[in-house]
Every structure is written in structure tokens, then in C-alpha cells.
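K.L.:
One structure, as C-alpha cells, below. Some questions next.
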Amino acid sequence: MSQKDLALIYDHCLRPTLAEVLPEFADRVPTSYTAAYMQSKTRAGGLAFNTLDVPWNRLEEVAATLLAKLQEQRGTIHDGEKDWERHMAFQDMFEHVDIDNLDPREWLVDVALTIGVEGHVVTWRESCHQDLMPLACPRKVAALTRNRKKFHLDRTLQIQELAGFRATTTNFTNGDGITYVQAYCAERNVTYQLNPGVFRRRQPKELLQKKTEQKIVDYLDVTSQVFYECAGEEDVEGRDGCACLENWIPLDKAQDILVTLPCGLIERSVVAINRRVWWLFIYYRLAAIRLVLKNLAKADPSVRALNPMLGLEAVCLHMMNACFTHPAEGFGWEKNCCQRVLEDLEADDEDAPTVPILYDSGTYFICDSVMNTGRTTFLRLPLQRTFDSESMARIYHKKSINDVKASFDWSVVVLTIATGTPEMWMISEI
């Protein structure tokens, strides 16, 4: 079949069928055939398809609805507050499993609670993690959240208050067998890939070669279109996102965990954002990153290898990765890119200690980027936020800064600043 026919089947038949028969799966289905195809593409150019587990007792309805639309041109979902629905869902799930021949205490299942609002992306608030944890891990909550090997914060889009978490709870429970707890937003399904593809985490060293650098810019054009569609633009329905809370629990206790959450706790713990606002926030952030990378790609290699430019490129990639996956944040080198403010905002001393602003304005961002207007026009970080050469080499996975510069395949350069004119750049070749 041609790509055109496959797109017709997906966009006008398969996706509408799933939306009609399985509306609770709406946040898991790509917005268009183009988006689904791109999400399935691997680095080698092949395809690795994601799957959607349709409940067996609804397959017939899915098939009938899909056939009707063709002619015209994971798990069970149930109400957790109703005992009989939980029991029936459990029976349906294990209808084809011989439970009598297995020890339910030795089998772990994934039990999840999903919170969604139509037309919105729903995600968790970091300030309420302490309220959520006792429901899944009643003992030693404070100790668990302080344990960096057991508890991991997953900040969403580098926004201060929006974050989920992952926690290994084996040694922090009351003998209920819970081994793992996770709170996340299902909006990440948009960029999830079984094999590394266009949404994979990029490394700064990929910017050192013209070919791989151009691929990143080209992929930004493609990936940003996915978020544009998720917003509901260009006659596409758009895509919601749900907040999910999951536990790994022994099979014999699966019907007793995460039955529901108190309404007051839900209201405090999640925030619902209009899906158009959410997805366009990502879209425009990627557009800004693309603008910077395109500007730097035009600069002469002798300029590109200077620390202020290398730092700006690296942090742009750091921010781009955070749009696709949860950022790998240790607040090491990336904090040096941020604007600094007085540690004591009321201090009058000009030499008073300063701290990086980081998330204090709500989201991680870079400001005061400078447009150099000498012989070559290009963007760079301010000189006061320039990295030392050792840090720069480590960021780009090289042994030394000279190895970084040599990767541009040109003569090594040394940066000197003309006395009294900090905005003037003098390049001398060695």
C-alpha cells in the first residue's frame, strides 16, 4: 500500500475508531499518520512500532467500527471506586491465565490510576509529592525522598512546579510488597520510542560535525510539527495528556491498591493546562532553539569554537532534550548559563554573593544572550558566563578544549579580549 493510502486509513479510520470505542486511550494515540510514522522511525532508518493493548472484550467492537469506517472511505480501564468493577476487570485481565498454578505473591503487576480532563494536559505538582507518597509508600516517606539513589524527580519541561517522580520502595514499605512507585504525565507518550529515533537525547558533541549538526536542525523542523498537531492546529483534533500514578504490587494485592484518591488531594496535586497552551509552549521553545542553532551554524569555525558559543550551543541542546525527555539535571555546568541574582535581594553591596536564578522565575531559561556585531554577527553567552576550558571539554566529551576545537577540522584558535573593549573579539591562529 502507498503511504497516501496508509495515511488515509490511519487519519480517517483507525484513529477515529480508537477515539470512539476507546476514548480513555486518547492520550496514547499519535495525532496523525505522519506523527505515528516519525515516532516509529529508528536512527538506522527502520521502523520499530509501539503497541496499544486493546482489552479482548472490546476487540469485536473495534473491528466492527473500523470496518464500517473503511467502507465509508493497555490493560483494563474501570471505575476504581466500585468493588464489582475492580473484580470484573481483574477477572477479565486474567481470564486466559491459570491462576491456580502460580503463586500470586511472586508475581508483580502494574496498577495505575489515571487523572484526565478533556481538552487539557494534566500533570503533577512537585509541592504535593509528600502528600502522594504516603498512599503508595506509607513508611519512611521523608527518608525515601531524600535518598537520591531511590527517589528521582522528573521535572516536566524544566518548569519548577510541574514534576513527577520515580521511587524504588523495596526497603521503605510496611510489608505490602510495593517495589516501585511512579507519578508521570502521559504527554510523554508523544515522544516515547522503543528504539532511539528523532526524539532521542542528543549530545553536545553532535554539534561539532557539520553533518550531524544539520541533522539536528532538520529534525527540529520535523519534531516541532508533531507538537503543532498536538495543539490541534491544521485541522487536527489535538492530543490530551493525563496524570498517572503507578505501583508495582504483588498480584494477590492488586485489587486493594490505588482504589481511588481523595478529591481534595487530586485538586491539590495536579494542574490541568489547556492543551493548546501546553503544546504551543513546546513548539515555540523549539523554534527559539532552532533559531539559535541556525545562527551559530552560519558562523565561521574559528568563532564557533570559542567558549561563549560552545556554551550556548550546549545549553540549547540541554533545553531541547528536556522538551522530548525528562532533563538530566545535576545543576552542574547548566547552572552557569543562567542569569545570577543577589543571594540577599536586599543587599546594597555590589560585591555581595550571587546565585544562579535557575527555576526561581518558574522555568529554566537563558537570558542576556549577546548578538556580537564585529566582523561576524552571531549569538553568544555573555562573557561573565563563559565556562572554563576543562568544563567545556567535559561537556563535549573530549579530553581537552583543543580536542574540541580540532573537531571542527580547522586550525586551533586562542581567544584574547582587547583591553577596554570586552565586546571586541580578536582571533589568532596557532
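K.L.:
Which of the residues that make up segment 340-354 are touching a Leu at 6+ places or on another chain (Cβ under 8 Å) and either aliphatic (A, V, I, L, M) or at pLDDT below 80 (or both)?
P.N.:
A352
K.L.:
Please tell me if V217 is in contact with an Asp or Glu (Cβ under 8 Å, 6 or more places away or on another chain) and of a type outside the set (D, E, K, R).
P.N.:
no
K.L.:
Residue check: is E161 modelled with pLDDT of 90 or more and open to solvent by 50 Å² or more (accessible area, probe 1.4 Å)?
P.N.:
yes
K.L.:
So, one more: Can you find, within segment 272-305, the residue that is modelled with the highest pLDDT among those that are surrounded by 18 or more Cβ atoms within 10 Å (Cβ to Cβ) and more than 19 Å from C323 (Cβ to Cβ)?
P.N.:
Ranking the candidates gives A272 first.
K.L.:
Pick out the one residue from A352, A272 that is in contact with a His (Cβ under 7 Å, 6 or more places away or on another chain) and of a type in the set (A, V, I, L, M).
P.N.:
None of the others qualify; the one that does is A272.
Results for (1) over 19 Å from T223 (Cα atoms); (2) modelled with pLDDT under 75, shown as yes or no for each residue.
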{"position": "A7", "(1), (2)": "no, no"}
{"position": "H12", "(1), (2)": "yes, no"}
{"position": "F25", "(1), (2)": "yes, no"}
{"position": "A48", "(1), (2)": "no, no"}
{"position": "D53", "(1), (2)": "yes, no"}
{"position": "G80", "(1), (2)": "yes, yes"}
{"position": "H87", "(1), (2)": "yes, yes"}
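K.L.:
Among (1) modelled with pLDDT under 80; (2) in a helix (DSSP H, G or I); (3) open to solvent by less than 90 Å² (accessible area, probe 1.4 Å), there is one condition A19 misses while meeting the rest; what is its number?
P.N.:
Condition (1) is where A19 drops out.
K.L.:
Just give me the residues in segment 287-346 being of a type in the set (D, E, K, R) and either part of a helix (DSSP H, G or I) or closer than 24 Å to Y192 by Cβ (or both), in sequence order.
P.N.:
Of everything in segment 287-346, those that are of a type in the set (D, E, K, R) and either part of a helix (DSSP H, G or I) or closer than 24 Å to Y192 by Cβ (or both) turn out to be R290, K294, R304, E313, E329, E334, K335.
K.L.:
While we're here: Can you name the residue in segment 179-206 that is surrounded by 18 or more Cβ atoms within 10 Å (Cβ to Cβ) and aliphatic (A, V, I, L, M) and, of all such residues, is modelled with the highest pLDDT?
P.N.:
Per the criteria, the residue is A183.
K.L.:
Criterion first (touching a Cys at 6+ places or on another chain (Cβ under 9 Å) and farther than 28 Å from G177 by Cβ) does I273 satisfy it?
P.N.:
Taking the combined requirement at face value, the residue does not satisfy it.
K.L.:
Any idea how many residues of segment 207-250 are of a type in the set (V, I, T), open to solvent by less than 30 Å² (accessible area, probe 1.4 Å) and modelled with pLDDT of 85 or more?
P.N.:
4
K.L.:
Given (1) at pLDDT 90 or above; (2) open to solvent by less than 40 Å² (accessible area, probe 1.4 Å); (3) of a type outside the set (V, I, T); (4) closer than 30 Å to A297 by Cβ, where does S269 come up short, assuming only one miss?
P.N.:
(4)
The values are calculated or read from the model by the stated rules, or taken from the named source; none is laboratory data. Note that the coordinates shown come from a computational prediction; the quantities given were computed from them, not determined experimentally. No Cβ is skipped: glycine too gets one built from the backbone with ideal geometry, and neighbour counts run over all protein chains shown. Heads up: the accessible areas ignore ligands, DNA and RNA and are worked out on the full protein's heavy atoms, side chains in. Shrake-Rupley method; radii C 1.70, N 1.55, O 1.52, S 1.80 Å.
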